[in-house]
Ligand SMILES: Nc1ncnc2c1ncn2[C@@H]1O[C@H](COP(=O)(O)OP(=O)(O)O)[C@@H](O)[C@H]1O
Ligand SMILES: [Mg+2]
């Protein structure tokens, strides 16, 4: 009886350890960085203006608590609206250009011309056109996302194995049927990467947009902290951006897992998974 | 095995009539050698015709033309007396490549053509069930193709093509990628399904034994450009079973045709050597 309990006990400890091993491993680097950070500040190696100690960042956070919810809401609404509009436009552009030669001839040149233009360079123009406030910010985020999705969509469509289209045609599908039942379902999982990239870029575009002339929102708060030389506040806001972006990315990854359940990679287990990594 | 004096399908009506076909990939007459030139072939109704020929001679090309996926430079393909240049479910095709839609479940794959015809959900379900049972697939209807073996995927492909109830079934080396055991089982099962439907079928293969075992007639194709060099009525009665393969008549006919095919490819190598 007692020997059994001992055996169970000693067998349990590694099991728990193994279960949490991943989490522990993931925490190592952040904790080390935090430790070094605090140490560097304590020893007075850098001035607090350049790098405030972690506890100062925490203080700044508690000090800003009142402002944060409103700012987060503003930023979220700009980023999400821009992301959704841009993604929809990019997807539609990619599909339309693949579907119709006429559309390709009409919009292809413009699209090719816009693709390599650095979006940030357009900020002053957007301000001129749309004024100060939310519209230019949303427009900027949308445009960045639209370009990413447009390029990826036409690329994905170009890479569809023709066998599926031929099979669809011989089974009685017409042109529009092929789009609905072959092309869209096929490209969807291939676009998930682009959608995640667009989502990640949306936050960056939002910061840039807010730097130019927002009156609220997280980006505006960053500029405010900069003006008053509150470095710790900037750290707080950067962390908030990080958390928002990560939560958003995790949500998209959830959806991805559902839409891509037919693809091979979800079943990658064993040696392949150990080589290329798996989630 | 009984040897009959006439082929088992006595259906004199010509369903497919191909005449003076000319086809080349790329722009016509730009110095590109045509794959098909002056190609003629007739297929009778309810006939199971096999086409054998050396690799690259244009078998897949020919099927794609009949299916309406490729446009010819000259000549006509008449089905039931009418030219059909667009692809359609009257000529369903089973491709050499794996063409089962990986994003659809087994059942949704078989329902595909019916969905394109605008059939109701209940109707689609009923027909899909029928054909899935016919090809011997049960218990896997809700799985995705990646969860199936190669042989099962081919069964899905066959069920999907037959579910649209085509007039003609075009099969392009459907079992070529399978191992021998699976292949022989699928051949037998295919014969069973075909016997029930009596579809007109063109079965392309590079496997002579497969051609003789399955079909009413075997056509041997040459290369550069593709032509029919031999047209043999297969004299074995139906239903056929495994023992046919080992019978003397079967092996003799196989040997004779193999000789001809070897001659054809050997001849070609001689030309290429010069
Ligand atoms: N899409 C294509 N473009 C150009 N040439 C092709 C294409 N498909 C096939 N060919 C060529 O046409 C010839 C016949 O091909 P195919 O019909 O696939 O032969 P088979 O099915 O008898 O092996 C081959 O020489 C092949 O290289
Ligand atoms: Mg072929």
Helices (runs of 4 or more DSSP H) (entirely within the stretch A:84-183) containing at least 3 residues that are free of Cβ contacts under 8 Å to residues at least 24 places away in the same chain and within 14 Å of chain B (Cβ to nearest Cβ): A:162-170, A:175-178
Output for the stretch B:67-86, where each listed residue is part of a loop (DSSP other than H, G, I, E, B), within 14 Å of chain A (Cβ to nearest Cβ) and away from ligand 1 (no atom under 16 Å from the Cβ): B:84, B:85, B:86
Failed condition for residue A:229, given (1) modelled with pLDDT under 90; (2) within 11 Å of another protein chain (Cβ to nearest Cβ): (2)
Only one of B:148, B:178, B:191, B:169 that is within 14 Å of chain A (Cβ to nearest Cβ), surrounded by fewer than 20 Cβ atoms within 10 Å (Cβ to Cβ) and more than 16 Å from ligand 1 (Cβ to nearest atom): B:148
Selected residue [within 16 Å of ligand 2 (Cβ to nearest atom) and at pLDDT below 95] from B:63, B:36: B:36
Test: residue in the stretch B:117-137 that is modelled with pLDDT of 95 or more, away from ligand 2 (no atom under 16 Å from the Cβ) and touching a strand residue (DSSP E or B) at 6+ places or on another chain (Cβ under 8 Å): no
Search result, residues across the stretch B:87-114 that are more than 8 Å from chain A (Cβ to nearest Cβ) and not in a loop (DSSP other than H, G, I, E, B): B:94, B:106, B:107, B:108, B:109, B:110, B:111, B:114
Residue within the stretch B:57-66 that is at the interface with another protein chain (Cβ under 9 Å from one of its Cβ atoms), buried (at least 23 other Cβ atoms within 10 Å of the Cβ) and closer than 27 Å to residue B:209 by Cβ present: no
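The values are calculated or read from the model by the stated rules, or taken from the named source; none is laboratory data. Predicted model, so just to flag it, every value in this text is computed and none were measured. Don't worry about glycine lacking a Cβ; one is built from the backbone with ideal geometry, like all the others, and counts go over all protein chains shown.
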